[in-house]
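First the structure, in the form of structure tokens, and then the observations on it.
The values are calculated or read from the model by the stated rules, or taken from the named source; none is laboratory data. Keep in mind that this is a model prediction, so the values were computed, not measured. No Cβ is skipped: glycine too gets one built from the backbone with ideal geometry, and neighbour counts run over all protein chains shown. SASA here: full protein model, heavy atoms, side chains in, ligands and nucleic acids out. Shrake-Rupley method; radii C 1.70, N 1.55, O 1.52, S 1.80 Å.
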Amino acid sequence: MGDAGLLLVAVVEMVPDSVEAGAQYEDEVLALLPRHGGTLQRRLAGGGTEVQIISFATRAGYDAFMVDPDRLAIRARYGDTAPTARVLEVTEIPTTT
């Protein structure tokens, strides 16, 4: 059984009064995706929340992204201003017209 690609939706909640810092945090962390085979498909924002659609070539790439030392260092640097995220593994449903 091979390692198939992974499609994720992240619902990112910014800390009130730290929306700008949260967006900067996301900019920095999302820039690390390519080193692990990840791609940001879409990034939508409104009302202190971001929705991100992210794909990874493999689950192993996602796992490596989650423990990337640079990602962890960015999180530590932003501390309490770093947003929280709920990540959902999804599959695309073909549309019929």
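What are the pairs with Cβ atoms under 7 angstrom where one residue, in the range 72-97, is surrounded by 13 or more Cβ atoms within 10 Å (Cβ to Cβ) and the other, located anywhere, is assigned to a strand (DSSP E or B) and of a type in the set (Gly, Ala, Ser)? Sequence gap at least six, or different chains.
Listed pairs, sorted by first residue: 85/10; 87/10.
Just to verify a result, which residue in the range 59-70, among those that are in contact with a strand residue (DSSP E or B) (Cβ under 8 Å, 6 or more places away or on another chain) and open to solvent by 40 Å² or more (accessible area, probe 1.4 Å), is nearest to residue 27 (Cα to Cα)?
62
The rows are residues; the columns are (1) open to solvent by 40 Å² or more (accessible area, probe 1.4 Å); (2) within 11 Å of the chain's Cα centre (by Cα); (3) under 20 Å from residue 75 (Cα atoms).
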{"site": "13", "(1), (2), (3)": "yes, no, yes"}
{"site": "20", "(1), (2), (3)": "yes, no, yes"}
{"site": "43", "(1), (2), (3)": "yes, yes, yes"}
{"site": "50", "(1), (2), (3)": "no, yes, yes"}
{"site": "54", "(1), (2), (3)": "no, yes, yes"}
{"site": "57", "(1), (2), (3)": "yes, no, no"}
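Look through the range 25-41, keep the residues that are touching a residue at least 12 places away in the same chain (Cβ under 8 Å) and open to solvent by 80 Å² or more (accessible area, probe 1.4 Å), and return whichever of them is nearest to residue 92 (Cα to Cα).
41
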